[in-house]
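Working notes, beginning with the structure itself.
The values are calculated or read from the model by the stated rules, or taken from the named source; none is laboratory data. Source: prediction; values computed, not measured. All Cβ positions, even for glycine, are placed from backbone atoms using ideal geometry, and neighbour counts span all protein chains on display. Just so you know, the surface numbers come from the protein's heavy atoms only, side chains and all, with ligands and any DNA or RNA stripped out. Shrake-Rupley method; radii C 1.70, N 1.55, O 1.52, S 1.80 Å.
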Amino acid sequence: MTDRTTSSVTVLGLGLMGRALADAFLKAGHPTTVWNRTDSKAASLVAGGARLAPTPADALRPDTLAILCLTDYRAVHEVLGADGVELRGTTLINLTSGSSAQARETARWAEERGARYLDGAVMAVPPSIGTPEATILHSGPVDLFATHEPTLAALGTVTHLGDDPGLASLYDAAGLTMMWSVLNAWLQGTALLRTAGVDAATYAPFARRIAMGVADWLPGYAEQIDSNTFTAEVAALETDARAMAHLIEESEALGVDAELPKLLKAMADRAIAAGHGGEQYPVLIEEFTRPGGN
Ligand code: NAP
């Protein structure tokens, strides 16, 4: 179990997520200062023992450990660039969602002003904050993460991904594409089955087994990608492409949207045209690395 400390923390941004973060720090016994542009959102936290800072400059004093959770990086720059803010000596942990480029740029910008900076991504919903189910990713200097990990552990399961401050945002993006792709695939199947009177709840456990089975393929497929060898051990890409054509036909015949399987088949067809039809499915990584086959 991670040791909990009672270091002081400051949370800037008290939207749905920021309030959950501040509340978790308070519940873990950390003296907590909060700041929000609309200060009424701090009321329940102040009632729970938080100190409300009147301005960002007051919230960000030297030696402050500050967690930022704002709408976007533009808001982060507005708050950190506000009148009188002095970043020298502060530690900033930015859990605002954004791109890897924004994370790297903000890390450089903050370090030039004398702050230490970790970027982060919250892969969780507010009600899970403060429980092990909340995954919070961090990237940036590992020594900085190690220093503050006992405090950050109040928020959930915290992980350091590497020194590159852009990594947390990239993992966040990778997680999002996984989430929406799995959900859309499930919705496509659900739409097909509903044409035969099968309801979503009946199909869901079957879909879950398929998704879990596919997930088990990932380590072996990752080895193929990392070694750049795509031997067809289970099926050749052209076999998959024939099944994709069948999925498109079935969808169109039943009046179900076929855009998703058409997208899958277009990628497979490009790889086959490039001579990869006899190789295994992960050879499609080349289509993702060279969009449109360019
Ligand atoms: P939210 O409820 O909309 O809150 C946005 C916060 O940003 C508010 O505190 C708002 O202040 C502040 N803000 C926006 N523009 C500002 C500006 N120019 N200057 C000062 N403050 C500004 O959003 P949220 O759900 O808390 O999300 C915050 C971050 O967490 C986002 O990057 C989001 O992607 C990420 N996240 C959220 C969830 C989730 O489930 N909610 C999950 C994962 C990640 P006011 O109160 O004054 O408007």
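Identify all residues within region 17-44 that are open to solvent by less than 50 Å² (accessible area, probe 1.4 Å) and within 12 Å of the ligand (Cβ to nearest atom); write none if there are none. Quick ask: steps written out before the conclusion?
Taking region 17-44 first, the residues open to solvent by less than 50 Å² (accessible area, probe 1.4 Å) are 17-18, 20-22, 24-26, 28-30, 32-36, 42.
Those that are open to solvent by less than 50 Å² (accessible area, probe 1.4 Å) and within 12 Å of the ligand (Cβ to nearest atom): Met17, Gly18, Ala20, Leu21, Ala22, Val34, Trp35, Asn36, Ala42.
Have a look at Ala121, Ala82, Ala57, Ala101 and point out the one that is open to solvent by 10 Å² or more (accessible area, probe 1.4 Å), within 12 Å of the ligand (Cβ to nearest atom) and of a type in the set (A, V, I, L, M). If you could, list the steps in order and put the result at the bottom.
Values: Ala121 fails: open to solvent by 10 Å² or more (accessible area, probe 1.4 Å); Ala57 fails: within 12 Å of the ligand (Cβ to nearest atom); Ala101 fails: within 12 Å of the ligand (Cβ to nearest atom).
When all the criteria are applied, what remains is Ala82.
Among (1) away from the ligand (no atom under 16 Å from the Cβ); (2) under 16 Å from the mean Cα position of the chain (by Cα); (3) among the small types (Gly, Ala, Ser), which single condition is Ala153 missing?
Ala153 satisfies all of (1) away from the ligand (no atom under 16 Å from the Cβ); (2) under 16 Å from the mean Cα position of the chain (by Cα); (3) among the small types (Gly, Ala, Ser) except (2).
Check region 88-97 and report whether any residue there is open to solvent by 10 Å² or more (accessible area, probe 1.4 Å), within 14 Å of the ligand (Cβ to nearest atom) and either assigned by TED's automatic domain parsing to the domain that holds His138 or within 26 Å of the chain's Cα centre (by Cα) (or both).
yes
Evaluate region 125-144: report whether one residue or more is hydrophobic (A, V, I, L, M, F, W, C), assigned to a helix (DSSP H, G or I) and either out of contact with any Lys or Arg (no Cβ under 8 Å at 6 or more places or on another chain) or touching a residue at least 40 places away in the same chain (Cβ under 8 Å) (or both).
In the first step, residues of region 125-144 are kept if they are hydrophobic (A, V, I, L, M, F, W, C); the result is 125, 129, 134, 136-137, 142, 144.
From the residues that got through so far, the ones that are assigned to a helix (DSSP H, G or I) too are 142, 144.
Now narrow it down to the ones that are either out of contact with any Lys or Arg (no Cβ under 8 Å at 6 or more places or on another chain) or touching a residue at least 40 places away in the same chain (Cβ under 8 Å) (or both): 142, 144.
Within region 125-144 (the criterion being hydrophobic (A, V, I, L, M, F, W, C), assigned to a helix (DSSP H, G or I) and either out of contact with any Lys or Arg (no Cβ under 8 Å at 6 or more places or on another chain) or touching a residue at least 40 places away in the same chain (Cβ under 8 Å) (or both)), the answer is yes, since at least one residue qualifies.
I'm trying to understand the selection: among the residues of region 45-54, which are more than 16 Å from the ligand (Cβ to nearest atom) and either in contact with a Lys or Arg (Cβ under 7 Å, 6 or more places away or on another chain) or open to solvent by 60 Å² or more (accessible area, probe 1.4 Å) (or both)? Reasoning before the result, please.
We begin by selecting, within region 45-54, every residue more than 16 Å from the ligand (Cβ to nearest atom); these are 47-49, 51.
Ala47, Arg51, listed by residue number.
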